[in-house]
Amino acid sequence: MEDKASFMEPLLERAEEYGKTSIELLKLKAVEASADIISSLVSRSIALLSILLFLLISSIGLAIWLGENYGAMWFGFVCVGGFYGITSVILFFLIHPWIKNYISNSVVSRILNSPS
């Protein structure tokens, strides 16, 4: 009987170590996936901010130029604002579902397919 007990103790210890190692590995994979997602979001946010700044300055310049050409400064800003309003409505209704699915799929695939 003691032989079975002495045989089972190392086996149970190894199983316990294996369980702890597996949990630690899962934690590390979760941290890696989270870091990958966050770093991707930060880098894309910086790029998006740069693009938005470019669009803002270009829009102001275009609005001033249109206002000078048509004789009323406000008219240039109304034209540029109307263009952005129409574009926003079209993008919201036509492209919003596609963008939402793309981002969701991207996040899920990064979490599930993190390198081992």
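The values are calculated or read from the model by the stated rules, or taken from the named source; none is laboratory data. Worth saying up front: this structure is predicted, and the values here are computed from it rather than measured. Positions of Cβ are backbone-derived with ideal geometry, glycine not excepted, and every protein chain shown enters the neighbour counts.
To keep it simple, each residue is scored yes or no on (1) farther than 30 Å from ASN113 by Cα; (2) outside any helix (DSSP H, G or I); (3) modelled with pLDDT of 90 or more.
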position	(1), (2), (3)
GLU9	yes, no, no
LYS27	no, no, no
SER40	no, no, no
LEU48	no, no, yes
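Filtered by the rule that a residue be in a loop (DSSP other than H, G, I, E, B), surrounded by 10 or more Cβ atoms within 10 Å (Cβ to Cβ) and out of contact with any helix residue (DSSP H, G or I) (no Cβ under 8 Å at 6 or more places or on another chain), segment 65-116 gives ALA72, ILE95. Within segment 31-56, residues that are surrounded by 10 or more Cβ atoms within 10 Å (Cβ to Cβ) reach partners that are among the small types (Gly, Ala, Ser) with beta carbons closer than 9 Å, at six or more positions or on different chains, in the pairs GLU32/SER114; ALA33/SER114; ASP36/SER114; ILE37/SER106; SER40/SER106.
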